[in-house]
Amino acid sequence: MNITDPLSFHAGELPLLISIPHAGTRLTPAVETGLSDAARPLSDTDWHIPRLYDFAQDMGASIVIGNYSRLVVDLNRPEDDQPLYTTATTGLFPDTLFDGRPCFMAGKTPSSQERQSYLQHIWRPYHHQLQTELDRLKKQFGYVLLLDAHSIASVIPRLFEGQLPDLNFGTNSGASCAPLLSQELIECCEHQSLFSHVLNGRFKGGHITRAYGSPENNQHAVQLELAQLNYMSETEPYPYLPEHAAHLQQLLKQLIKTMLIWGEQHYRH
């Protein structure tokens, strides 16, 4: 099996790493030939998130992006595939879409051997890069901030009632970052009125937030799940909407600045 370039990585010069695990659209042959008609549009992709956050690289943040689709292997699920939520969710190797329809045609699911290869050659390299960069930044600065960047359709009845808030912060119910950091982020959102927000609502943070958020070790992780209607069309082919996105980007810039200022002030010696 020829799996190449499982991720894209840029090393920055700030104590901030942005993780984008679900923007990839690359497929393996076994997944591509087995996908159901419902799954072929790759609707569960975090569309355009690298473009939405492209300003962060210029600011000096490190960025790691998964290149393969979450329908191959989900980088934000634990290696042992233990469920993260008691409500409806998807696993390490998704067999259903967010709306409950099957990902694969009958009898066309990738074999366990193929999926173990995805784990070894896609999932593990991504997490190795995450850990390596977090270690580098923490060694340099004495602390590190991790923003796990996601998006999702604003209405998915199987996963949540009604329409999702525009910005959904997850800190593993307060365990993945210092409470003062999440408080600063919420206060930043409260200074504007364009976008709604919630902390530890339906999305409390996936595996990355939970695994790498360790405030007692000066490692603070926050997941941010964005409702897609604020920067793109939620209907196929899911085009990016620059005029909408520009408003959201202004708030995202403020949030990232808020994280960096908090880190500087909290760890100033």
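The values are calculated or read from the model by the stated rules, or taken from the named source; none is laboratory data. The structure displayed is predicted, hence computed values, not measured ones. Cβ coordinates were reconstructed from backbone atoms using ideal geometry, including for glycine residues, and neighbour counts include every protein chain displayed. All accessible areas refer to the heavy atoms of the entire protein, side chains included, with ligands and DNA or RNA removed. Shrake-Rupley method; radii C 1.70, N 1.55, O 1.52, S 1.80 Å.
Given the criteria out of contact with any Pro (no Cβ under 8 Å at 6 or more places or on another chain), modelled with pLDDT of 95 or more and among the basic types (Lys, Arg), does residue 70 qualify? Give the steps one after another, and end with the answer.
Details: out of contact with any Pro (no Cβ under 8 Å at 6 or more places or on another chain): no; modelled with pLDDT of 95 or more: yes; among the basic types (Lys, Arg): yes.
No: the conditions fail for residue 70.
Here is a yes/no grid of residues against (1) over 30 Å from residue 140 (Cα atoms); (2) surrounded by fewer than 21 Cβ atoms within 10 Å (Cβ to Cβ):
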site: 160; (1), (2): yes, yes
site: 171; (1), (2): no, no
site: 179; (1), (2): no, yes
site: 218; (1), (2): no, yes
site: 231; (1), (2): yes, no
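In this structure, residue 188 qualifies as open to solvent by less than 30 Å² (accessible area, probe 1.4 Å) and part of a helix (DSSP H, G or I). Put simply, of 240, 212 the only residue that is in contact with a strand residue (DSSP E or B) (Cβ under 7 Å, 6 or more places away or on another chain), more than 28 Å from residue 91 (Cβ to Cβ) and in contact (Cβ under 8 Å) with a residue 24 or more places away in the chain is 240. Taking (1) in a loop (DSSP other than H, G, I, E, B); (2) open to solvent by less than 60 Å² (accessible area, probe 1.4 Å); (3) out of contact with any Cys (no Cβ under 7 Å at 6 or more places or on another chain) in turn, residue 4 satisfies each apart from (2). Residues that are touching a helix residue (DSSP H, G or I) at 6+ places or on another chain (Cβ under 9 Å) and hydroxyl-bearing (Ser, Thr, Tyr) within region 169-184 comprise 171, 176, listed in sequence order.
Yes/no per residue for (1) surrounded by fewer than 16 Cβ atoms within 10 Å (Cβ to Cβ); (2) within 18 Å of the chain's Cα centre (by Cα); (3) modelled with pLDDT of 95 or more; (4) in a helix (DSSP H, G or I):
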position	(1), (2), (3), (4)
221	no, yes, yes, no
250	yes, no, yes, yes
258	no, no, yes, yes
263	no, no, yes, yes
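Would you call residue 196 at pLDDT 95 or above, within 21 Å of residue 46 (Cβ to Cβ) and open to solvent by less than 60 Å² (accessible area, probe 1.4 Å)? Answer is yes for this residue. In region 11-68, what residues are assigned to a helix (DSSP H, G or I), closer than 19 Å to residue 254 by Cβ, open to solvent by 30 Å² or more (accessible area, probe 1.4 Å) and touching a residue at least 60 places away in the same chain (Cβ under 8 Å)? Those that are assigned to a helix (DSSP H, G or I), closer than 19 Å to residue 254 by Cβ, open to solvent by 30 Å² or more (accessible area, probe 1.4 Å) and touching a residue at least 60 places away in the same chain (Cβ under 8 Å): 51, 59.
Only one entry of 151, 112 meets the criterion of being within 18 Å of the chain's Cα centre (by Cα) and not aromatic (Phe, Trp, Tyr), and that entry is 151. Restricting attention to region 18-52, the residues that are closer than 25 Å to residue 229 by Cα and among the hydrophobic types (A, V, I, L, M, F, W, C) total 9. Among the conditions (1) out of contact with any strand residue (DSSP E or B) (no Cβ under 6 Å at 6 or more places or on another chain); (2) closer than 30 Å to residue 232 by Cβ; (3) in a helix (DSSP H, G or I), residue 133 misses just one, which is (1). Look at region 104-127: where a residue is open to solvent by less than 50 Å² (accessible area, probe 1.4 Å), no partner that is charged (D, E, K, R) and not in a loop (DSSP other than H, G, I, E, B) sits 6+ places away or on another chain with Cβ atoms under 6 Å.
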